[in-house]
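Let me begin by presenting the structure, written as structure tokens, before commenting on it.
The values are calculated or read from the model by the stated rules, or taken from the named source; none is laboratory data. None of the values given here were measured: they were computed from a predicted structure. Methodologically, a virtual Cβ is constructed for each residue, glycine included, from the backbone with ideal geometry; neighbour enumeration extends over all protein chains shown.
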Amino acid sequence: MIKSWLDLIEKRVLRTMETPGPFSPFSFDQVLAGCAGIYRAGVRLRYAMYESGLLKTRRLDCPVIAIGNLAVGGSGKTPMAVWLAKMLVEQGLRPVVISRGYRGTLENEVAVVSDGREVFLDAKTCGDEPYMMAMEKAFPVVVGKDRYKAGRMALEYFAPDVIILDDGFQHLKLERDLNLVLLDYTLPLGNGRMLPAGRLRETLCMAKNRIDAVVFTRCPADAFQWDTFQKSAGRHFADDIIKKLLSVPLFFCTHEPFVAQLLPAGIHNNTKAFQSWSLKGKTAVLFSGLARNDSFVQSVQDIGVTVADHLEFCDHCRYNEADIKRIISRAKALNTDLVLTTQKDWVKVNPVCFGDVTVAVIGIRLCFSNPQGIERFILNNANG
């Protein structure tokens, strides 16, 4: 009973976050707007305490690049961290990615998830995103709520040239040399309201003096120019962004889906990647637990898949046996070619449970309109 009520409240809050307003007096939305005012005051107080020196910022003996956003939800922070780490490796540098480990079981501990070759922790222990990045086996990953302490561990174990903070823009305890802020191209600032009436962690005005560059994610392939952006779905807040970030470099990228894993029925111990395998013309049942499940549907449709059904779960969902049975039953009932899910979701299920259905796991790559430009900007500015 309690879980049902909590699920109902969560859905209602999420619906409010997508509503531009104005809200009706005495409505549930208006209550959330009042809570947002309290949250805004708390954020301002916290920032004032850092500015006054009451709260201290500490520095690591290594350049630090923070990747973050202004709004909660899937703006592509993890794919950006992966892209950045791999780019730095290609430049002959030694990056380490540090993640908070949201919803992992480590709580206040710090730990090495991967040394870049071997993965030591599972997704339940370290969290979904750190595990996904560790599975790249291309760079070390360290997890810890206290990013300074995690950074000290990274320095001791790996002597990195650069530390990357995944989702670290609001983590003011640790000083950084470069702040990259990701904004979703389709709706950069959500409905313009702060949590819980909207998706904003902080407003653009609060953040503008800390932003070194903006990366617009989820851009359409033909919208890589700022003048095109001004005419797009994000136009509602474009004027505000332009006025407040006049001198900030802007970069644009698309989210390119690919087949990260293909697991034919009966062979679910296969971990080989099939990145060139085409799903075009296939029918599928989708399941995902993301901040924006609709974005997964769009990605799948973009590669030519016919979506027979989409089973949506809450963000960071931990799938149980009943959930898996429901997914498989739906795929069989609709007689689809396969089941599709995301890398983030696949790390939280037991592949053996899908033994008699074919599963494809979809990954996301970032493709920049000007890759040389953003690479040059990062390499020139990472040292402060």
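Here are a few things to note about the model shown:
- Selection count where residues are surrounded by fewer than 18 Cβ atoms within 10 Å (Cβ to Cβ) and under 18 Å from the mean Cα position of the chain (by Cα), scope segment 145-156: 1
- In segment 182-219, residue modelled with the highest pLDDT [restricted to those that are of a type in the set (Val, Ile, Thr) and either buried (at least 23 other Cβ atoms within 10 Å of the Cβ) or not assigned by TED's automatic domain parsing to the domain that holds residue 152 (or both)]: 215
- Residue check for residue 93: over 30 Å from residue 53 (Cβ atoms), among the aliphatic types (A, V, I, L, M), surrounded by fewer than 18 Cβ atoms within 10 Å (Cβ to Cβ) and in contact (Cβ under 8 Å) with a residue 60 or more places away in the chain: yes
- In summary, strands (runs of 3 or more DSSP E) completely within segment 73-157 and bearing 2 or more residues that are of a type in the set (Gly, Ala, Ser) occur at 110-114.
- Residues (of a type outside the set (Ser, Thr, Tyr), modelled with pLDDT of 70 or more and farther than 24 Å from residue 207 by Cα) located in segment 1-46: 22, 23, 25, 28, 29, 30, 31
- If the condition is being aromatic (Phe, Trp, Tyr) and without any contact (Cβ under 8 Å) to a residue 60 or more places away in the chain, then segment 168-216 contributes only 216.
- One residue stands out in segment 350-359 among those that are closer than 26 Å to residue 102 by Cβ and touching a strand residue (DSSP E or B) at 6+ places or on another chain (Cβ under 8 Å): the one that is surrounded by the most Cβ atoms within 10 Å (Cβ to Cβ), namely 359.
- The set of residues in segment 79-90 that are touching a helix residue (DSSP H, G or I) at 6+ places or on another chain (Cβ under 9 Å) and either buried (at least 18 other Cβ atoms within 10 Å of the Cβ) or over 27 Å from residue 374 (Cβ atoms) (or both) comprises 81, 82, 84, 85, 88.
- Scanning segment 24-69 for residues that are assigned to a strand (DSSP E or B), of a type in the set (A, V, I, L, M, F, W, C) and more than 25 Å from the chain's Cα centre (by Cα) turns up nothing.
- Hits in segment 337-377 - residues which are assigned to a helix (DSSP H, G or I) and not assigned by TED's automatic domain parsing to the domain that holds residue 163: 343, 344, 345, 346, 351, 352, 353, 354
- Just one of the listed residues (142, 72) is at pLDDT 95 or above and either of a type outside the set (Phe, Trp, Tyr) or crowded, with 21+ Cβ neighbours inside 10 Å (or both), and it is 142.
- Lone qualifier among 324, 303 - being closer than 21 Å to residue 358 by Cβ, in contact with a helix residue (DSSP H, G or I) (Cβ under 7 Å, 6 or more places away or on another chain) and either at pLDDT below 90 or of a type in the set (Val, Ile, Thr) (or both): 324
- Every condition in (1) at pLDDT 95 or above; (2) in contact with a Lys or Arg (Cβ under 9 Å, 6 or more places away or on another chain) is met by residue 128 except one, and the failing one is (1).
- When segment 323-336 is filtered for residues that are closer than 20 Å to residue 259 by Cβ and outside any helix (DSSP H, G or I), only 336 remains.
- Residue check, residue 242 touching a Phe, Trp or Tyr at 6+ places or on another chain (Cβ under 9 Å) and modelled with pLDDT of 80 or more: no
- Filter result for residue 159 (closer than 20 Å to residue 347 by Cβ, surrounded by fewer than 24 Cβ atoms within 10 Å (Cβ to Cβ), among the small types (Gly, Ala, Ser) and in contact (Cβ under 8 Å) with a residue 40 or more places away in the chain): no
- The requirement of being under 24 Å from the mean Cα position of the chain (by Cα), of a type in the set (Val, Ile, Thr), within 22 Å of residue 206 (Cβ to Cβ) and assigned by TED's automatic domain parsing to the domain that holds residue 196 is satisfied by residue 72.
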